[in-house]
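Q: There's a structure below that I have some questions on.
The values are calculated or read from the model by the stated rules, or taken from the named source; none is laboratory data. Treat the numbers as computed from the prediction; the structure is a model and nothing was measured. Note that we place each Cβ from the backbone using ideal geometry, even for glycine, and neighbour counts take in every protein chain shown. Protein only, heavy atoms only, side chains kept; ligands, DNA and RNA dropped before computing areas. Shrake-Rupley method; radii C 1.70, N 1.55, O 1.52, S 1.80 Å.
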Amino acid sequence: MKKSFIVLTFFTLCFYVYSQDSKNIDSSAIFILDKMSDVIGDLTSVTFDLDTSSDKLDSSKNIVKNYSNVTVTFSGPNKLLTRTEGSGGKTGFWYDGEFMTYYNYDENNYVTLEAPETTLEMIDQMHANYDFRFPAADFFYPNFTDDIMENFDTIKFLGKKTINDEECYHIMAINDMMSVQPVSY
């Protein structure tokens, strides 16, 4: 009796651990993300506005929602401009294939740094070396869908939504730390 109880406990524990590692990935959502990634990958230039919100804990452990509006202009393999205005202030990044400049409008200060030859290399290097975070940069990486699948446990297609008179595909990705809901036109 004791032996069967130990074996049953072991199998229950294995099933519990296995179920914790399992992912819930909707193939429709992956198809839409792949198509969106293909369209973005074929662009030679694009400008778009991005509205974001994020929750952060303040010093008293209260959740505070921060908002920002970002304008992103991406041109060719080595031109990028971003302007962000929101709860965290007003900032901008300019990249011309040789140098990257960060400007903080609120503090009226800037830094210009030598940068690699391509936008994606520049984003990687500036993030690794200086912890710069470039708004919407993930969308430009060719492995965007694979990164989403690797980093999120649940990915769901939530249906079509209408935003600013445009029909969009609504997707949600969730892990233990965050929930992301990209919308694709």
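Q: Would you list, by chain and number, the aspartates and glutamates whose Cα falls below 16 Å from the Cα of K90, excluding same-chain residues fewer than 8 positions away?
A: Candidates past the 8-residue exclusion: D49, D51, D106, E107.
Q: Among S87, V39, I155, whose Cα sits farthest toward the positive end of the charge dipole of the chain (+1 at Cβ of Lys/Arg, -1 at Cβ of Asp/Glu, about the Cα centre)?
A: I155
Q: Using the basic label-point model (7 angstrom from Cα toward the beta carbon), what is the L113 to M177 distance in nanometres?
A: The two pseudo-label positions are separated by 2.0 nm.
Q: Now for a different question. Add -39500 (n - 2.57) for each DSSP H run of 4 or more in the chain, then divide by its residues: what number comes out at 222 nm, to the nearest 500 deg cm²/dmol?
A: Taking each H run of at least 4 residues, the total per residue is -10000 deg cm²/dmol.
Q: At a threshold of 8 angstrom on Cα-Cα distance, excluding pairs fewer than six apart, so keeping six or more, what relative contact order does the chain reach in percent?
A: On the way: 291 pairs, mean separation 31.1, N = 185.
Value for the chain: 17 percent.
Q: Less than 16 Å from a label point 7 Å out along the Cα-to-Cβ axis of D106: which backbone N atoms in the range 58-97 qualify, by residue?
A: From the range 58-97, the list is 58-59, 64-70, 83-93.
Q: So, with a 1.4 angstrom probe, what is the percent of accessible area on the range 90-132 that is carbon and sulfur?
A: Values: 1170 of 2620 Å².
So the carbon and sulfur contribution to the accessible surface is 45 percent.
Q: Hey, what's the range 54-185 come to in accessible area per residue, 1.4 Å probe, Å²? Write out the running numbers ahead of the final one.
A: Working: 8380 Å² over 132 residues.
Accessible area per residue: 63 Å².
Q: Nearest 20 debye, what's the magnitude of the dipole of the chain about its Cα centre given +1 on Lys and Arg Cβ and -1 on Asp and Glu Cβ?
A: The calculation lands at about 1000 debye.
Q: Classify the range 29-148 as rounded, prolate or oblate from the Cα gyration tensor: take a ≥ b ≥ c as the square roots of its eigenvalues, call it rounded if a/c is under 1.5, otherwise prolate when a/b beats b/c and oblate if not.
A: Here the range 29-148 falls in the oblate category.
Q: Here is a follow-up. Under the rule a/c < 1.5 gives rounded, and otherwise a/b versus b/c splits prolate from oblate, where does the range 96-185 land using the Cα gyration tensor?
A: The shape class here is prolate.
Q: Now, a different point. With the Cα gyration tensor of the range 29-72 giving a ≥ b ≥ c as the square roots of its eigenvalues, does the rule (a/c under 1.5 for rounded; else a/b larger than b/c for prolate; else oblate) give rounded, prolate or oblate?
A: oblate
Q: Let me ask another. Please tell me which of these pairs span more than 31 angstrom C-alpha to C-alpha: K61/K160; K65/K156; K35/K61?
A: Beyond 31 Å between Cα atoms: K61/K160; K35/K61.
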